[in-house]
Amino acid sequence: MNPVRWQRVEGAGLALAGLLIAILAAPGWGAPIWIAILLAPDLTMLGYLAGPRIGAFIYNCGHIYALPLLLIVLGVALGATGPIAGGGLWLVHLGCDRLFGSGLKENSGFRDTHLGRIGRGD
């Protein structure tokens, strides 16, 4: 299996693990909160208003695994279920992005990712 497929399989596993973390933490949020947190990382696309280089940097900051993992660890350290569930949902978002082929962005443009070019061919 090629590396891109491996990363897509890894994304599926990460999404599942994040969902289990969020469910087990169960802070009692309603569906609108869950959906808002799931979609929140895509607000980093607004960075592209400042150009592709800055946009890629901001987008990638919101789409690396380290930050939601740190949020989960912070929640565990504080005994707070909110950050644990929030970090889990963030991981669901990142895992689904990788699963469906949307990777970290290259400086050349939004459609250029470490998993290859996304969208229709030119």
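The values are calculated or read from the model by the stated rules, or taken from the named source; none is laboratory data. Note that the structure is a prediction, hence the values are computed from the model and not measured. Glycine gets a Cβ as well: all are built from the backbone with ideal geometry, and neighbour counts include every protein chain shown.
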With respect to I64, is the statement that it is surrounded by fewer than 16 Cβ atoms within 10 Å (Cβ to Cβ), assigned to a helix (DSSP H, G or I) and at pLDDT 95 or above true? no
A careful count of residues in the stretch 100-114 that are of a type outside the set (K, R) and either part of a strand (DSSP E or B) or at pLDDT 95 or above (or both) gives 5
Out of the stretch 42-61, which residues are of a type in the set (G, A, S) and part of a helix (DSSP H, G or I)? G47, A50, G55, A56
Condition test on Y59, is it hydroxyl-bearing (S, T, Y) and over 17 Å from R111 (Cβ atoms)? no
